[in-house]
Amino acid sequence: MNAQALALAAAIILLFPMLYFLLASVTFLLRPMGDPIVTWLLRGLLNTCFIAVAACGALGVLAFASAGRAGFAGAIALVAASAMAARHWFLSGLDRQIRARDGGDGLALRHLRRLHLQAMLYNAAQTGLVMGGIGRAFA
């Protein structure tokens, strides 16, 4: 497999956790955030997806760098770094709102739902950027 094909494969593999989260996160819209199991599963899904995006992004950086495409390697590195930053931001927000919910704060459920929607929008935007980047990288 040449370096160009490896870079394409790495870019497509990077899309898998993003697309999985897009599909899996929709099911959480149908469940109440007052259920501790739902928030526990949502937190786990966010944690796993952001780590998977960062790990696949690291592989993508190596693949694009070996193909001699430093600009795209930098863009993929930015995707991976932003995924780790978003992971910290979303998980700390979820933890804060879960503690508030368990402490009896009535607004915490609304904040949990808003965080969930923000995570979905963040992921959709990141997925769209990567998909658009793939088209430009291999056009």
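The values are calculated or read from the model by the stated rules, or taken from the named source; none is laboratory data. This one's a predicted model, so the numbers in the text were calculated from it and none came from an experiment. Note: ideal-geometry Cβ built from the backbone for every residue, glycine included; neighbour counts use all protein chains shown.
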For the condition free of Cβ contacts under 8 Å to residues at least 60 places away in the same chain, under 21 Å from L14 (Cα atoms) and aromatic (F, W, Y), what is the one hit in F72, F50? F50
Among the residues in region 62-69, are any at pLDDT 95 or above and surrounded by 15 or more Cβ atoms within 10 Å (Cβ to Cβ)? no
Are any residues in region 88-111 crowded, with 19+ Cβ neighbours inside 10 Å and under 17 Å from the mean Cα position of the chain (by Cα), and if so, which ones? F90, L94
If you check every pair at least six apart or on different chains, which have Cβ atoms under 7 Å apart with a residue in region 5-23 that is surrounded by 15 or more Cβ atoms within 10 Å (Cβ to Cβ) first and a residue that is outside any helix (DSSP H, G or I) and among the hydrophobic types (A, V, I, L, M, F, W, C) second? L6/A67; A7/A67; L8/F138
The listed residue being within 15 Å of V79 (Cβ to Cβ), of a type in the set (A, V, I, L, M) and in contact with a Lys or Arg (Cβ under 8 Å, 6 or more places away or on another chain), out of A63, A54, A11, A58: A54
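Conditions (1) in a helix (DSSP H, G or I); (2) under 19 Å from R136 (Cα atoms); (3) of a type outside the set (A, V, I, L, M, F, W, C), marked per residue:
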{"position": "A9", "(1), (2), (3)": "yes, yes, no"}
{"position": "I37", "(1), (2), (3)": "yes, no, no"}
{"position": "W40", "(1), (2), (3)": "yes, no, no"}
{"position": "G44", "(1), (2), (3)": "yes, no, yes"}
{"position": "F72", "(1), (2), (3)": "yes, yes, no"}
{"position": "A77", "(1), (2), (3)": "yes, yes, no"}
{"position": "F90", "(1), (2), (3)": "yes, no, no"}
{"position": "R110", "(1), (2), (3)": "yes, no, yes"}
How do the pairs read when you match residues in region 78-93 that are over 10 Å from G57 (Cα atoms) with residues anywhere that are buried (at least 19 other Cβ atoms within 10 Å of the Cβ) and of a type in the set (G, A, S), using Cβ under 8 Å and keeping only pairs 6 or more apart or on different chains? M84/A54; A86/A119; R87/A54; F90/A119
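Each row is one residue, and each column tells you yes or no for (1) closer than 16 Å to P17 by Cβ; (2) modelled with pLDDT of 95 or more; (3) in contact with a helix residue (DSSP H, G or I) (Cβ under 7 Å, 6 or more places away or on another chain).
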residue: G60; (1), (2), (3): yes, no, yes
residue: G71; (1), (2), (3): no, no, no
residue: A81; (1), (2), (3): yes, yes, no
residue: W89; (1), (2), (3): no, yes, no
residue: L112; (1), (2), (3): no, yes, yes
residue: H116; (1), (2), (3): no, yes, yes
residue: R136; (1), (2), (3): no, no, no
Answer yes or no as to whether R101 is basic (K, R), out of contact with any strand residue (DSSP E or B) (no Cβ under 9 Å at 6 or more places or on another chain) and touching a residue at least 60 places away in the same chain (Cβ under 8 Å). yes
